Amino acid sequence: MKHKISFCTVCMNRLHHLKQTLPQNIKNNLSYGNLEFIVMDYSSSDGLSSWIKSEMSEYIENGILVYYRYDEADYFDRSHSRNLMFKLASGDIICNTDADNFLGKGFAEYVSQRFEEQENLFLVPDTKRKFYYLRDALGRFCASKQDFMDVSGYDERMSGYGFEDDDLYERLVNSGKKENIIMDLNFLHAIKHGNENRVENEFFTNYFHKIYINYETHERSIVLVLYKNGTAHKGILSPNTQTPAPAVLDNNQWESIQWEKAGDKIIIKSTESKPTYTFTEQDDCLNYNNTIYYNITHEQFLAKLSYDLPLITNYGHFLSNIEKRAGVNKNGFGKGTVYKNFSTEKIFVS
């Protein structure tokens, strides 16, 4: 009996991509038969729901396409959205397909054959650049659903872009699964786009307020990042030239804090029951006990932050997971309420 394959795409304001990829992906793989395509609409506001209803209803009626709508997202959360989507998939093999990725003709047969030929594997593009490197086609991942569930999915501390895939693959390998590279480049076409498009709907892009830096040495800086919702991150950063992350966090994590403004004061309170700190604003800097934190306003620097901050944050979690091997998502993952195929009935995923 053929494996049932679930091709899963999560979208938040990516209709311009999905219009190009989804119809072609379905048509190129219909001959396989035992499959489903899932679109997880993660609170899109670009007309995705209307387009699916008007242009793709035939596939929904035939059971080929399943459309879910999650209404509770204020920003795009990569890990939570994928975990939620994969938990809803009915296939024994799950395949993530980013909205900008084309599967290629016969990809379903290719995936099924690979899983028939070898046990305990998962399929990915050449993420480590050993054979080829196709930047925009990295949004492809196929695994046994049970294997994915056994490692508790994507680490939901990694809500933004970067290292969330590497971390999942590392945990799968540590559990005894083998990483296999998709070598046929016919299955790896994608719509090219820049980094700004990758992160435009994410927390760091939409909630960033200000960043202050105290330069202790040329290799060590104390960084305070303020967000518009009253949360903040404080941490010690050192330069990093070994990975795409531009810096490494001391102890692999930020200190999570709250902040508020009172006159010329910035009041910082740790969420970890540490003392409250009061910074004084002076000439666009912050002063705490004669230690100066400089407000960074350089446009090019700030333009990169929405890409660099999640890389730095997730890289810390990635390193911590490798060191501790303690598992992730201890309180569950992929939880939420969704609506299926335009029904008004709520589906609770726990």
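The values are calculated or read from the model by the stated rules, or taken from the named source; none is laboratory data. Because the structure is a prediction, the values reported are computed rather than measured. Don't worry about glycine lacking a Cβ; one is built from the backbone with ideal geometry, like all the others, and counts go over all protein chains shown. Surface accessibility is based on the protein's heavy atoms, side chains included, excluding ligands, DNA and RNA. Shrake-Rupley method; radii C 1.70, N 1.55, O 1.52, S 1.80 Å.
Quick notes
- Looking across segment 85-141, the residues that are among the acidic types (Asp, Glu), in contact with an Asp or Glu (Cβ under 9 Å, 6 or more places away or on another chain) and in a loop (DSSP other than H, G, I, E, B) come down to Asp98, Asp100.
- So Asp98, is it among the acidic types (Asp, Glu), within 25 Å of Val328 (Cβ to Cβ) and under 22 Å from the mean Cα position of the chain (by Cα): yes
Table: residues versus (1) part of a strand (DSSP E or B); (2) polar (S, T, N, Q); (3) under 30 Å from Glu117 (Cβ atoms).
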| site | (1), (2), (3) |
| --- | --- |
| Tyr169 | no, no, yes |
| Glu179 | yes, no, yes |
| Ser221 | yes, yes, no |
| Lys234 | yes, no, no |
| Val248 | yes, no, no |
| Trp259 | yes, no, no |
| Lys269 | yes, no, no |
| Tyr277 | yes, no, no |
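- Residue, most open to solvent (accessible area, probe 1.4 Å), within segment 54-75, restricted to residues that are closer than 16 Å to Ser90 by Cα and assigned to a loop (DSSP other than H, G, I, E, B): Asn62
- Failed item in (1) under 17 Å from the mean Cα position of the chain (by Cα); (2) open to solvent by 30 Å² or more (accessible area, probe 1.4 Å), with Leu185 passing the rest: (1)
- Restricting Lys304, Lys346, Lys340 to residues that are open to solvent by 70 Å² or more (accessible area, probe 1.4 Å) and touching a Ser or Thr at 6+ places or on another chain (Cβ under 8 Å) narrows the list to Lys346.
- Yes/no for Glu216 being part of a strand (DSSP E or B) and either touching a helix residue (DSSP H, G or I) at 6+ places or on another chain (Cβ under 7 Å) or surrounded by fewer than 21 Cβ atoms within 10 Å (Cβ to Cβ) (or both): yes
- Candidate set: segment 80-128, residues that are without any contact (Cβ under 8 Å) to a residue 60 or more places away in the chain and open to solvent by 10 Å² or more (accessible area, probe 1.4 Å); chosen: the one farthest from Leu172 (Cα to Cα): Gln113
- The residues of segment 275-302 that are closer than 29 Å to Val199 by Cα and in contact (Cβ under 8 Å) with a residue 40 or more places away in the chain, listed by number, are Cys285, Leu286, Tyr293, Tyr294, Asn295, Ile296, Leu302.
- Filtered residues of segment 150-167 (kept if assigned to a helix (DSSP H, G or I) and surrounded by 16 or more Cβ atoms within 10 Å (Cβ to Cβ)): Glu164, Asp165, Asp166, Asp167
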